[in-house]
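A.B. asks: Below are the structure tokens for one structure; questions will follow.
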Amino acid sequence: MIGQETEMALRHPLRVALLDLLAGVDSVTANEAARRLGESSGACSFHLRQLERYGYVEPVAGAHGRARPWRLRPTAATPPDFGPLARELEDEGYHRWLARRGTAPERWQRDEAFSEVLHLTPAELATVAAEIRAVLAPYARRKPPRGSGPVGVVARVFPLLPETDA
């Protein structure tokens, strides 16, 4: 179980997107983060300060003024790894969908699964992940509208490593 402090720090999707962004760059200002994530600089500044409060980020030493760059704290507690559990639940839900989609109401019999192989730099990988989160964030934060239902959205952005000879 994750601690209450960690849960509070990671409750907002913009904070998670900021951590992902910072994992791929040395530092970022609130304005730079806003431009990359499609958010306001005020929102990014607020959430960077919240992440500082929980010990995830810190201002870059020697920087002053409004254009203050932030970086991950070298000793920051790493975000909890929900990876294996999340992947198991995603896979279970998708397999259930494949087995029963013919019995779903007609309006829900649509599957938008797709994949791409891209050639990216490490910084671009972080940007793509942050942009995907930014696209999904408004839907995750809103009150579910009438006629909506839970929909699994799975995005895995990771380097494809070469196979090794056994």
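The values are calculated or read from the model by the stated rules, or taken from the named source; none is laboratory data. The shown structure was predicted, so the numbers you read here are calculated from the model rather than taken from an experiment. Heads up: the accessible areas ignore ligands, DNA and RNA and are worked out on the full protein's heavy atoms, side chains in. Shrake-Rupley method; radii C 1.70, N 1.55, O 1.52, S 1.80 Å.
A.B. asks: List the residues, sorted by chain then number, that are 5 or more residues from Trp70 or on another chain and whose placed amide H is less than 5 Å from its amide H.
C.D. replies: Result for Trp70 returns Val28, Thr29, Val60.
A.B. asks: Moving to a separate point now. Can you list the HN-Hα couplings for region 16-25, worked out from phi with the Karplus curve (6.51, -1.76, 1.60; θ = phi - 60°), rounded to whole Hz and with x for Gly and Pro?
C.D. replies: Going residue by residue, I get 5, 5, 5, 5, 4, 4, 5, 5, x, 9 Hz, with x marking Gly and Pro.
A.B. asks: Sort Asp26, Asp20 by accessible area with a 1.4 Å probe, largest first.
C.D. replies: From most accessible down to least: Asp26, Asp20.
A.B. asks: Still on this structure: Tell me, what ³J(HN,Hα) does each residue in region 116-126 have, in order and in whole Hz, if you take phi through Karplus 6.51 cos²θ - 1.76 cosθ + 1.60 with θ = phi - 60° and put x for Gly and Pro?
C.D. replies: The phi angles translate into 9, 10, 10, 10, 10, 7, x, 5, 5, 4, 5 Hz.
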